[in-house]
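Nothing in this text is a laboratory measurement; each read-out follows from the coordinates by a stated rule. Everything numeric here is computed off the predicted structure, so don't read it as measured data. Quick reminder, even Gly has a Cβ in these numbers, built from the backbone with ideal geometry, and neighbours come from all protein chains shown.
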């Protein structure tokens, strides 16, 4: 980076934005670490509640601490009357991210400009599934389902969505997904939340800003775009002809190219194996699309038109980013994932 302090740096790339031990995204080696724990171990062995405690407190909970947190989360799932009214007022075709952003804002009104605390964080975390599940059922013309205090975070979300308890296999899959996405360094939504927090604003304002950033297709909105493209392709057999035709039309292949990871995303490895076990047909389609996309996108430059242009309990990690020492967190284009 230039030694000129006044130099323009696009996307603030390489600028040190924070020092933290909460998580480390090792893009060069394809690793994600939470508080010194490798993500693969946490995803396979820990509940969402345990990982939430780890991120908030810097260590894994003992049994009594886990029970206390689980009970507090379970007791914070209800929405305020104002939040229920706001949710009911939204059109049925509202984007779920718009629903979440709007209702979280109303749900947090009673806290006003209170200093962020863990109880407020627990209250917000517990309310998210209630907001989304309630709106989903209203969209499909079904009565909302009240949360159950005897179910864990993932199990309760599925129960509120479907009106019945999900199988242990499905609960485990959602729990793993939530753990994998619980933190990801200085990404766009975290950067946004920290900017809001730096003004000494309240937690709800930070969350609303973060949700707004997360909605973008270059960040949290990307998975939806991937699903839509896979649905257009339809079958594994159709992958190559569809994608080659799409490439001619300069259609972007969704889900390829990460701003930080230069090798395989460690979260994707875990999700891919879950998909293989739970939905073999979809796995076949997605795997074939991945193979074809990589073949097309990585052709030698001499074979590519316009080649000069850019194409579209758990073990601890012994590496930097473990709890033994904080690491620096560079800003990586806050407008991307």
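Remark: the residue 71-residue 13 segment gains 16.7 nm on full extension, using 0.36 nm per residue and subtracting the alpha carbon distance. Here the extension length gained between residue 94 and residue 235 equals 47.8 nm, from 0.36 nm per residue of separation less the Cα-Cα distance. With only Cα atoms counted, region 4-145 has Rg and Dmax values of 19.1, 61 Å.
Packing here is the average count of other Cβ atoms within 10 Å per residue, and on that basis the peptides 127-138, 64-75, 18-29, highest first, run 127-138, 18-29, 64-75. Take each peptide in 273-280, 93-100, count the other Cβ atoms within 10 Å of every residue, and average; sorted highest first, the result is 93-100, 273-280. Per-residue extension of 0.36 nm, minus the Cα-Cα distance of residue 6 and residue 245, leaves a gain of 81.5 nm for this segment. Using the Cβ-Cβ distance between residue 264 and residue 85 with R0 set to 30 Å, the FRET efficiency works out to roughly 0.10.
Start at zero, step by 5 Å, and the Cα-Cα distances of region 1-68 spread as 3, 13, 20, 17, 13, 11, 9, 6, 5, 2, 1 percent across the bins. Note on residue 290/residue 44: beta-carbon distance plugged into 1/(1 + (r/R0)^6) with R0 of 22 Å gives a FRET efficiency of 0.45.
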